[in-house]
Structure formats: C-alpha cells, structure tokens
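To keep things clear, I will list the structure first and then write my remarks on it.
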Amino acid sequence: MNTILTTILIITGITTTLALLLTLANTYIADYGERKIRINKDKEFIVEGGNTLLSSLIENEIYLPSACGGKGSCGYCKCAINEGGGPVLPTELSYLTEDDMKNNVRLSCQVKVKADMEIQIAEDLLNVKQFEAIVEKTEDLTSTIKLLRLKITDGQEIEFKAGQYVQLLAPPYPGSPDEVFRAYSIASSPNNKGYIDLIIGYVPDGLLTTYVHKHLSEGDEILFNGPFGDFYLQDCEEDAILVAVGTGMAPIRSILFEMLNKKIDRNTIFFFGAKTPEDLFLLDEMTMFEKELPRFKFVPTLSRAPEESQWKGEEGRVTDAMMKFLEKKEGREAYLCGSAPMIDSTVKTLVERAFADNKIYYDKFD
Ligand SMILES: Cc1cc2nc3c(=O)[nH]c(=O)nc-3n(C[C@H](O)[C@H](O)[C@H](O)COP(=O)(O)OP(=O)(O)OC[C@H]3O[C@@H](n4cnc5c(N)ncnc54)[C@H](O)[C@@H]3O)c2cc1C
Ligand code: FES
C-alpha cells in the first residue's frame with residue numbers, strides 16, 4: 001500500500017515539476033520574436049510572439065467576445081486560424097464542435113502566437129470599440145446588486161441592440177495583480193448613446209465584482225469594450241415571454257426600454273425570480289412599463305418569502321409561475337437571462353409549453 005502511495009507521489013511530483021519547468025521555459029526562455037498576424041486577408045500587424053492571440057488582438061484594438069476574461073472557460077473567443085495556429089490544445093477541446101475543427105476554428109485565448117498567422121474574424125467584430133467612461137452614478141439596488149451608470153467621455157457614442165453586452169475592464173488592485181475583464185449586459189435603452197447602465201451582482205472573491213463593489217466609486221474612470229452578443233430583441237410581432245433571475249434583469253430592462261422607444265405592442269409577460277422581498281428591485285420601473293406598454297405584465301416570484309413578509313405575489317421558482325400563467329400554445333418567443341441551471345430548467349418548461357427551440361433566446365451568465 002505504502003509503495004503504491006509513494007510511487008503515485010513520486011510520479012505526481014515529477015509531472016508537476018516538468019509542467020512548471022515547461023511553463024517557466026515558455027515564459028522566460030522561448031523567444032518567438034516579432035510575428036505577423038493577417039486578418040481576413042486584408043489588415044495586418046506585427047506583434048511580439050509568445051502572447052495569446054486574444055491579447056495580441058486586444059493590443060491592436062481588435063476585441064473578440066471573451067466573457068470569462070481569457071480563462072478558457074466561456075468558449076466565446078473563437079476565430080478561424082488558417083495558418084500558424086499549431087495543434088489544437090486540450091484546453092480548447094470541450095468548446096470546439098466538429099464544424100469548428102473542420103474550419104480551423106480555435107479559442108484565441110488559448111492559442112499563443114508562435115508563428116506568423118492568417119486568421120479570419122467576423123466583419124462586425126472588427127467594428128467593436130473600446131470606450132473611456134466615468135462612473136456617473138452607483139446605486140445599491142439590493143445589498144448585493146449595484147446599478148452603475150457609465151458616461152462615455154472620449155467623444156464616442158455606443159450603438160447596440162437591446163440585450164447585448166459589453167466587457168468591463170478592472171485595473172490591477174490589491175488582491176488582483178492583473179487587469180481583468182468580464183461580460184456585463186447593457187441594462188439601459190439603446191436610445192441613450194452617451195452612457196450605459198450595468199447591473200452587477202457581488203460574487204464573493206470574484207475579481208471583477210469585488211473591484212466594482214469594494215473599490216469603484218462615483219467619478220472614477222473605467223474602460224469597457226463592445227457591444228457583443230446575439231441575444232437581442234428580434235423584429236417579431238409574436239407574444240414574448242421574458243424570464244430573469246437576479247442580475248439577469250439587466251438585458252431585459254434594456255429590451256423593455258426598446259419596446260417603449262419603438263412603441264412595440266406585443267403580449268409580453270416578464271417572470272422575474274428572487275429569493276425574498278429584499279431581493280426584488282426596480283419595481284417602480286416595472287410599474288411604469290406596465291402603464292406605458294399596454295399588453296405588458298410583470299410577474300415577480302419569490303422562492304423563499306418569509307411568512308412574516310405577507311408577500312401576496314407568486315411563490316416558488318420562475319418555472320412554477322410559468323407553469324401557472326402559460327398555456328400550451330405555439331407561435332411565441334422567449335428571452336431568458338440568468339445562471340445556467342435556471343436557463344436549462346426554463347428551456348425545459350418552455351418546450352413543454354410548446355415553444356419552438358429556435359424561438360428561445362438566452363444568455364447564460366456563468
Ligand atoms: C454574456 C454574459 C453577460 C453577463 N452579464 C452579467 C450582468 O449583467 N450582471 C452580472 O452581475 N453578471 C453578468 N455576467 C457574469 C459576469 O461576466 C461575471 O462572470 C461575474 O460577474 C463574476 O465575475 P468575477 O470576476 O467577479 O468572478 P470570477 O473571479 O470570474 O469568479 C470567482 C469565482 O466565482 C465563481 N462565479 C462566477 N460567477 C458567479 C456567479 N454569478 N455566482 C456564483 N459564483 C460565480 C467562479 O466560478 C469562480 O469560482 C454575464 C456573463 C455573460 C457570459
Ligand atoms: S475568453 Fe473565454 S474561453 Fe477564451
């Protein structure tokens with residue numbers, strides 16, 4: 001028994017040391033020199049070899065969606081590398097489909113620039129911009145959720161579709177030695193091109209949310225890039241179901257503003273989930289939307305309403321309220337936002353209620 005344990009420990013020790021040596025060698029010894037990256041057989045630039053393709057593109061003001069900030073855990077930063085990408089890495093495999101493999105699609109945050117590269121990027125991503133802004137307003141919506149208003153100060157305007165997101169950058173701060181960026185859905189109206197609102201929940205020990213909740217103040221400067229994403233309000237007249245939990249409210253709020261701007265008159269129900277009455281927010285705005293949008297209904301539902309709260313609304317999960325309010329009927333759209341488990345269970349409920357798969361749009365926040 002002891003011999004087996006010792007052997008395992010020795011093998012683990014050797015592999016860990018080798019991995020460490022390889023990383024150190026890659027960082028300090030390998031010199032890939034200057035490398036050329038050519039995009040869409042058109043634009044090209046020279047970069048310092050050895051960095052990830054994602055960071056080399058960012059240095060040259062090309063912003064690919066990268067919701068996890070380059071950690072290799074979102075699978076958003078794909079682009080085709082037709083030459084110079086080297087073999088597919090184990091860290092990419094779970095995010096690449098068969099089609100991706102056939103078309104040389106790779107995760108740009110995992111691939112390092114070690115040779116000249118020929119890459120292909122969707123044209124609309126070449127129009128994504130970085131914005132300089134100041135924090136014009138911060139508001140505590142609940143004890144763990146803040147609304148930030150970021151006013152653009154570099155003279156640019158932001159054009160986006162209701163439902164899309166931006167990537168917010170936090171500079172190094174005590175406890176977080178590197179710049180980090182994460183995705184946040186725009187919560188404001190697309191008509192407001194001089195600022196964006198974001199609704200950001202606190203994640204204990206989360207790098208970006210700790211920066212926002214514990215370090216960022218009104219008047220501070222901040223950078224973001226965008227807009228990104230294919231989750232946005234479609235041009236359609238069918239009934240719409242909106243579903244969000246917690247900070248998932250953000251893109252739905254933008255969608256509601258857009259419905260107001262464009263005087264969109266659709267049967268629309270918004271199921272919003274929270275735990276207790278203290279976790280509900282923006283209720284006055286929801287009342288305003290109910291007044292201004294003639295066929296809009298807001299259905300807040302609480303999963304842990306204490307008896308003494310005398311809560312008279314819906315109880316249980318959002319899916320319980322959906323089962324109660326939605327009859328089986330075809331020809332409707334659904335827009336969902338929140339955690340992966342919430343989205344998965346909501347999609348299941350919608351399919352049971354005869355929603356077509358291709359009419360269910362969502363953004364998973366994790
Ligand atoms: C398209 C898109 C839009 C998004 N929009 C919003 C938005 O509008 N508002 C918003 O608040 N967030 C939004 N997110 C989530 C956001 O991008 C970050 O993932 C989140 O804020 C955590 O970042 P962090 O740097 O603080 O945590 P990290 O440092 O990245 O994570 C720290 C730890 O917390 C875990 N973790 C990460 N997120 C959560 C979570 N939500 N709950 C519990 N544990 C978590 C991680 O697995 C990790 O172990 C969105 C994500 C995507 C993909
Ligand atoms: S940035 Fe998230 S996987 Fe590459």
- prompt: Would you call G206 on the phi > 0 side of the Ramachandran plot, within 16 Å of ligand 2 (Cβ to nearest atom) and within 19 Å of the chain's Cα centre (by Cα)?
  reply: no
message: Within segment 236-329, considering only strands (runs of 3 or more DSSP E) that don't extend past its boundaries, which have at least 2 residues that are more than 23 Å from K359 (Cβ to Cβ)?
response: 296-302
Every residue from segment 115-135 that is surrounded by fewer than 17 Cβ atoms within 10 Å (Cβ to Cβ) and outside any strand (DSSP E or B): A115, D116, A122, E123, D124, L125, L126, N127
task: For segment 189-208, indicate whether the set of residues that are open to solvent by less than 30 Å² (accessible area, probe 1.4 Å), in a helix (DSSP H, G or I) and in contact with a Phe, Trp or Tyr (Cβ under 8 Å, 6 or more places away or on another chain) is non-empty.
output: yes
- prompt: Residues in segment 87-101: is at least one of a type outside the set (G, A, S), more than 18 Å from the chain's Cα centre (by Cα) and under 21 Å from E34 (Cα atoms)?
  reply: yes
task: Starting from segment 172-197, keep only residues that are outside the structural domain of T247 (by TED's automatic domain parsing), then list their pairs with residues that are assigned to a strand (DSSP E or B) and open to solvent by 40 Å² or more (accessible area, probe 1.4 Å) whose Cβ atoms are within a distance under 6 Å, requiring at least 6 positions of separation or different chains.
output: Y195/R149; Y195/K151; D197/R149
From G226, G248, residue being open to solvent by less than 20 Å² (accessible area, probe 1.4 Å), touching a strand residue (DSSP E or B) at 6+ places or on another chain (Cβ under 7 Å) and within 16 Å of ligand 2 (Cβ to nearest atom): G226
- request: Can you give me the number of residues within segment 76-93 that are assigned to a loop (DSSP other than H, G, I, E, B) and near ligand 2 (Cβ under 10 Å from one of its atoms)?
  value: 2
task: Among the numbered conditions (1) outside any strand (DSSP E or B); (2) surrounded by fewer than 20 Cβ atoms within 10 Å (Cβ to Cβ); (3) not assigned by TED's automatic domain parsing to the domain that holds R317, tell me where L233 comes up short.
output: (2)
- prompt: Which residues, taken from segment 215-244, are of a type in the set (D, E, K, R), more than 17 Å from L148 (Cα to Cα) and away from ligand 1 (no atom under 12 Å from the Cβ)?
  reply: D235, E237, E238, D239
- prompt: Quick one: how many residues across segment 284-317 are of a type in the set (V, I, T) and either farther than 21 Å from L141 by Cα or in contact with a Gly (Cβ under 9 Å, 6 or more places away or on another chain) (or both)?
  reply: 2
- request: Would you be able to tell me the number of residues in segment 350-366 that are over 21 Å from the mean Cα position of the chain (by Cα) and buried (at least 20 other Cβ atoms within 10 Å of the Cβ)?
  value: 2
- line: Cβ pairs under 7 Å, 6+ apart or interchain, first in segment 47-74 and more than 16 Å from ligand 1 (Cβ to nearest atom), second of a type in the set (D, E) and open to solvent by 50 Å² or more (accessible area, probe 1.4 Å), ordered by first then second residue, are V47/E59; E48/E34; G49/E34
- request: Return the only residue of P341, P306, P300 being at negative phi and within 16 Å of ligand 1 (Cβ to nearest atom).
  value: P341
- request: Could you please let me know if K43 is of a type in the set (K, R), over 11 Å from V113 (Cβ atoms), within 16 Å of ligand 1 (Cβ to nearest atom) and open to solvent by 30 Å² or more (accessible area, probe 1.4 Å)?
  value: no
query: Of Y173, Y184, Y211, which residue is in contact with a His (Cβ under 9 Å, 6 or more places away or on another chain) and of a type outside the set (S, T, N, Q)?
result: Y173
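The values are calculated or read from the model by the stated rules, or taken from the named source; none is laboratory data. A quick note: this is a predicted structure, and the numbers were derived from the prediction, not measured. As a convention, Cβ positions derive from the backbone with ideal geometry for all residues, glycine included, and neighbour counts pool all protein chains shown. Accessible surface is based on the protein model in full, side chains and every heavy atom, while ligands, DNA and RNA are left aside. Shrake-Rupley method; radii C 1.70, N 1.55, O 1.52, S 1.80 Å.
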